[in-house]
Amino acid sequence: MLASSATPIPFTIPAAAHAHDDYDYHNETIHCNYPHPVEQIRKESYPHMADNVYLDHAGMTIYSKELVLASSEMLLKNLFGNSHSHSGPSTRSENVTQKTRDQVLQMFNADPKVFDVAFTLNATHAIKTVGLCFKDCFDDFDYFYNLNCHTSVVGVRELASKSTPFNDLDDLNLNSDKQCIIAWTGQSNLNGERYPINEWNKEIKHRDPKCYTLLDAASLSTTSPPDLSDHESFPDFMAVSFYKMFGMPDIGGLIFKKDAAKKILPHKKYFGGGTVDAVALDIPYKEFKDELYSIVEEGTLPIHSIVQLSEAIRIHNSIYGSYKNISSYVKELTQYAIRRLQSLTYKSTGAPMVVIHSPNLPNQGPIIAFSLRNSKNEAIGYFDFEESVSLGGLSVRSGGMCNVGGIQKWLGRDTKDIIRDYNAGHTCGGAMDIVDGKPTGMLRVSFGAMSLKEEVDTLADRIVDFLKNY
Ligand SMILES: Cc1ncc(COP(=O)(O)O)c(C=O)c1O
C-alpha cells in the first residue's frame, strides 16, 4: 500500500496560498548540547538517512554508521561461540554478555546489588514473561493497567482472573485479597503523555504492599531512560526495547528488582536449554539456575546482538555525550513542532489545520499525535496523508498505534465503535480511516536524538500542501 520503494521527490514545496502560517519559525533555534552540531552528526553518523524525513522514532530509531562499523569490527576480530560451554569463544561470549549486563544497569543508574537484567526478544516478550510467571506463581491474580498504554501491556489481562484499566491512581481500587500486578507506561506510545513512575509506585505499594508493579519503559527509554537510583520507590519490573534506543540490536530487556523477582520467576513452569542446573525425567524434578535472568532467557542467547548492544551504549554516549543532552534537545524540538503545527490555519476561516491530541503539551515526550481538519473544521482521515507523504520520503505513523485506550479517549470512540468498524472491514492502521463520519485513528510523528528542525518544517509544508485539496 505504501510505496516506500518509490523514488523520493524533493522536499521543498511552497506553502499553499490558502494557508496562514505567520509564525516566524525561521529565526527559532533549538538548543543542543551535543559534542557536535546535530546537523553535522546527522550528516556524518547517519548518511543512510539522507533523502529521508524520518519522523517515526517511537516505532524504531535509526542506528548510527559508527555502530554498524564498530560492531562489525568486533565480530570480525573476535570469535564468539555458544556461551553454554567452556571453550575460548564460549568464555568470550559469556564475558561480553556479563559486561553488557553491567553497561545496561549503569545506563539506567541501577544498582547491581538491587537490580538485574534479562535479555528478551523485545519489550512485549519482557512484559509477557512477567505475566506468565505470575500466572504460574499465583494462578489466580488481578491485573490493573493504565488506559493510555500499548496492547502489549493490555495482553497480560488474558492471563489474569480479573483485569481493570485505570486512568490514574484516583480510579485504582486495590481492595482485593488476591495478588495483583499494576502495570503502566512511562510514556504513551500514542501521544507522548508521561506518567509518574516513583510517585505512583510509592503510592501503590503504600495502598497494597503485597502487589507487584510493572513499568513499560519501551517508549520512554527512547530518549529519556528512567533513573533507577531511587530503587526503594522504583517498580519491581521494567520492560525496554533496545532497538528503540539505538536503532539496533533488535532485542529488548527485562530489568527487575532481584528481591521481587526471586518470589515470582522461579515459579515459572516451563524450562528450557540454559535455564536449569538439574532435571529428572521420571519425576517432575528440576532445579533452576541461581541467576534469575537465566529463567527468563531460555536457550541460546542472542550473542551477536548482545555484542552490538555493548557497542551501541558506548557509541551513543560518544556521539551525544549523555541521555540528558538527548532528552533536553528532543524536548525543545517537540515544543517547536507543537508551535509550528498549531500555527497552521486556513486563511479563509481561521480554522486550524491540525488538532493535537494530548492533555499536557508543555510537558510531554517527543511524540505528537494529531488529526488534520478541513477548512470547515471537519476531521480528515489519516490514510491519504500518510500514503501521499511517504511517496516523498516522509515517514510518519498512522492508525491506532497499538494503543486502544488512547484512541478511545482522544477520538471519543467506544467498544461498540471498535466492534462495528472491525466488522465493516477496518483494521488497526488500515485504509478505512473514517467510518460513519468518525475517524478510526490518527497521525503520529515522533522524534529521536538526530531529528532536525528542518524535518519539522518539511512536515508543516507537507501538511499545508496536502490540505490544498480540502
Ligand atoms: C510503549 C510501548 N510498549 C510496548 C511496545 C512494544 O515493543 P516491542 O515491539 O519492542 O515489543 C511499544 C512499541 O512500540 C511501545 O511503544
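In order along the stretch 118-133, phi translates into HN-Hα couplings of 10, 7, 10, 5, 5, 5, 4, 5, 5, 5, 4, 5, 4, x, 5, 5 Hz, rounded to whole numbers, per the Karplus curve 6.51 cos²θ - 1.76 cosθ + 1.60 with θ = phi - 60° and x for Gly and Pro. Label-to-label distance for Asp414 and Lys202 is 3.9 nm, based on points extended 7 Å past Cα in the beta-carbon direction. For a straight C-alpha distance cut-off of 16 angstrom, the aspartates and glutamates reachable from Lys262 (same-chain residues fewer than eight places away being disregarded) are Asp116, Asp136, Asp236, Glu287, Asp290, Glu291, Glu297. Are any of the pairs Lys77/Lys99; Lys77/Lys128; Lys324/Lys453; Lys162/Lys289; Lys113/Lys202; Lys205/Lys258 more than 25 Å apart by Cα-Cα distance, and if so, which? Long pairs (Cα-Cα over 25 Å): Lys77/Lys128; Lys162/Lys289. Label sites at Glu39 and Gln106, each approximated as a point 7 angstrom past Cα along Cα to Cβ, lie 3.5 nm apart. Taking a sphere under 14 Å around the Cβ of Asp436 and counting the other residues whose Cβ falls inside, with K and R at +1 and D and E at -1, yields a net charge of -1. In a fully extended conformation the segment linking Thr427 and Asp277 would gain 49.4 nm over its present Cα-Cα distance, using 0.36 nm per residue. Partners of Lys135 within straight-line reach, counting aspartates and glutamates whose Cα lies under 15 Å from its Cα and excluding those fewer than 8 residues away in the same chain: Glu158.
Straight-distance candidates among the lysines for linking to Lys468, with alpha-carbon spacing under 18 Å and chain neighbours fewer than 8 residues away dropped: Lys347, Lys376. In this label model, Ser348 and Ser72 are separated by 5.4 nm, measuring between points 7 Å along each Cα→Cβ vector. For the chain, the per residue solvent-accessible surface stands at 44 Å², with DNA, RNA and ligands left out and a 1.4 Å probe.
In terms of the mean number of neighbouring beta-carbon atoms within 10 Å, the peptides 38-50, 336-348 order highest first as 336-348, 38-50. Taking only protein heavy atoms and a 1.4 Å probe, the accessible area of the stretch 218-290 is 51% carbon and sulfur. With a Förster radius of 45 Å, plug the Cβ-Cβ distance of His267 and Asp24 into 1/(1 + (r/R0)^6) and report the FRET value to the nearest 0.05. So, using R0 = 45 Å, E works out to roughly 0.15. Shape call for the stretch 268-335 from the C-alpha gyration tensor, a ≥ b ≥ c root eigenvalues: rounded (a/c under 1.5), prolate (a/b greater than b/c) or oblate? Prolate, since a/c reaches 1.5 and a/b exceeds b/c. Entry note: the stretch 70-318 has Rg to Rh equal to 0.98, where both radii use alpha-carbon atoms and Rh is the Kirkwood radius. For the stretch 128-142, the residues whose amide N sits under 15 Å from a probe point set 7 Å from the Cα of Asp177 along the beta carbon direction are 140-142. With a cut-off of 11 Å between beta carbons, the residues surrounding Met60 carry a summed charge of 0, where Lys and Arg count +1 and Asp and Glu -1. Averaged over residues, the count of other Cβ atoms within 10 Å places the peptides 255-265, 231-241 in the sequence 231-241, 255-265, highest first.
Count charges around Glu386 for me, please; just the other residues with Cβ under 12 Å from its Cβ, Lys/Arg as +1, Asp/Glu as -1. After counting each charged neighbour, the total is -1. For the chain, the relative contact order is 24 percent, taking Cα pairs closer than 8 Å that sit 6 or more residues apart in sequence and dividing their mean separation by the residue count.
The values are calculated or read from the model by the stated rules, or taken from the named source; none is laboratory data. Just so it is clear, the model here is predicted, and its values are computed rather than measured. In this analysis, Cβ positions are derived from the backbone assuming ideal geometry, glycine residues included, and neighbour counts consider all displayed protein chains. Ligands, DNA and RNA are excluded from the accessible area calculation, which covers all protein heavy atoms including side chains. Shrake-Rupley method; radii C 1.70, N 1.55, O 1.52, S 1.80 Å.
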